[in-house]
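Chemist: So that we are looking at the same thing, I have put the structure below in structure tokens.
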Amino acid sequence: MSGPDGLIDTHAHLCDPRFDPDREAVLARAGAGGIVTIVEIADRPAGWEASRSLALSANGKETGPRMLWSCGFHPHYAQEAAGFDFTSMVGAARDPDCVAVGEIGLDTVKSRSSRDDQIRLFREALEVAGELDKPVVIHCREAQADTLRILRSFFGGLSRRDGAAGVIHCFSGDIHFAEGCLDLGFYIGVDGPVTYPSSGPLREVLRQVPLDRIVLETDCPYLPPQAMRGQRNEPAALGDISRKLAGLFDRSPDEIARITSENARTLFRLRRPRRDP
Ligand SMILES: [Zn+2]
Ligand SMILES: [Zn+2]
């Protein structure tokens, strides 16, 4: 073992147009900030190819973080899923740099699609993940009961308590939802909101989650940590989230990096990063 582990950003949207002017610089800052691996999350079929090629080109370079991607179909786009041929999702997600299916899930806050359409899409995408035996990246906003019911119907009998099922990204539920997800073998994704002064209730729930089931994410360009409120978020900000967790769990930042990166490698079934220090 030599030196501290780098951090893994398990949820980024670097294909977002807001990164068009300076994507290379953002990746360079991530590398300089100790981010060794980034999982790019594609949120709809129109974005799958861009995510695949971003990972491919980043991995062809000598420097910078390793990039992987996840093949998703966000509930916001559920109305586009009517008549969609999900065999194309199976094909796209077979790419060797594609480590998961998601983000997929349910959202009743800013939903542009009906609950029925969202549930239908969610189930179809979970079938794809099952067929490929890939972990899932779950988006759940104000839909805890439906999400847990559907996840139980897919993962309930599998006794995957080791965390191989997937991740509840940007976790924002109560302790009962957290426990239900942990029981099914899910990791809990922690991002910028953990640093917000108003997030006391969230921190209370996270304190009760075993540290070996937590992964870090930025969800950039969204959800900047407190020090960057109002600005575009980016993977280099992951250190702020890691330091907040260090305080919450009374561990050193190095320990948080080592544990959460090991968790992310288990979750996405990665070998150690090729440029790990
Ligand atoms: Zn999301
Ligand atoms: Zn996202």
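Chemist: Just checking, does the stretch 150-171 include any residue being assigned to a loop (DSSP other than H, G, I, E, B), open to solvent by 60 Å² or more (accessible area, probe 1.4 Å), over 30 Å from residue 19 (Cβ atoms) and of a type in the set (Gly, Ala, Ser)? Don't jump to the end; show me each part of the working.
Modeler: Step one: list which residues in the stretch 150-171 are assigned to a loop (DSSP other than H, G, I, E, B), which gives 156-165, 170-171.
From what is left, the residues that are open to solvent by 60 Å² or more (accessible area, probe 1.4 Å) are 157-159, 161-162.
Restricting the remaining residues to those that are over 30 Å from residue 19 (Cβ atoms) gives 157-159, 161-162.
This time we only want the ones that are of a type in the set (Gly, Ala, Ser), so: 157, 159.
Yes.
Chemist: Within the stretch 29-48, can you find the residues that are without any contact (Cβ under 8 Å) to a residue 40 or more places away in the chain and either open to solvent by 10 Å² or more (accessible area, probe 1.4 Å) or over 12 Å from the mean Cα position of the chain (by Cα) (or both)?
Modeler: Matches in the stretch 29-48: 31, 44, 46, 47.
Chemist: Scan the stretch 16-23 and give yes if some residue there is open to solvent by less than 20 Å² (accessible area, probe 1.4 Å) and in contact with a Phe, Trp or Tyr (Cβ under 9 Å, 6 or more places away or on another chain), otherwise no.
Modeler: no
Chemist: Which condition does residue 176 not pass, out of (1) more than 16 Å from the chain's Cα centre (by Cα); (2) surrounded by 21 or more Cβ atoms within 10 Å (Cβ to Cβ), if it passes all the others?
Modeler: Unmet condition: (2).
Chemist: Give the stretch 136-156 a look and list any residue that's closer than 20 Å to residue 87 by Cβ and within 16 Å of ligand 1 (Cβ to nearest atom), or say none.
Modeler: In the first step, residues of the stretch 136-156 are kept if they are closer than 20 Å to residue 87 by Cβ; the result is 136, 154.
Scanning the stretch 136-156 gives a single hit, 136.
Chemist: I've got another one for you. Kindly list the number of the only condition in (1) in contact with a helix residue (DSSP H, G or I) (Cβ under 6 Å, 6 or more places away or on another chain); (2) within 16 Å of ligand 1 (Cβ to nearest atom) that fails for residue 243.
Modeler: (2)
Chemist: Next question. Collect the residues in the stretch 71-106 that are of a type outside the set (Phe, Trp, Tyr), within 26 Å of residue 142 (Cα to Cα) and over 16 Å from the mean Cα position of the chain (by Cα), keeping them in residue-number order.
Modeler: 76, 78, 79, 80, 81, 82
Chemist: Answer with yes or no whether residue 126 is of a type in the set (A, V, I, L, M) and at pLDDT below 95.
Modeler: In short, no.
The values are calculated or read from the model by the stated rules, or taken from the named source; none is laboratory data. From a predicted model like this one, the values you see are computed outputs, not experimental measurements. Heads up, the Cβs are rebuilt from the backbone with ideal geometry, glycines too, and the neighbour counts pull from every protein chain shown. Quick note on the areas: whole protein, heavy atoms, side chains included, nothing else; ligands and nucleic acids left out. Shrake-Rupley method; radii C 1.70, N 1.55, O 1.52, S 1.80 Å.
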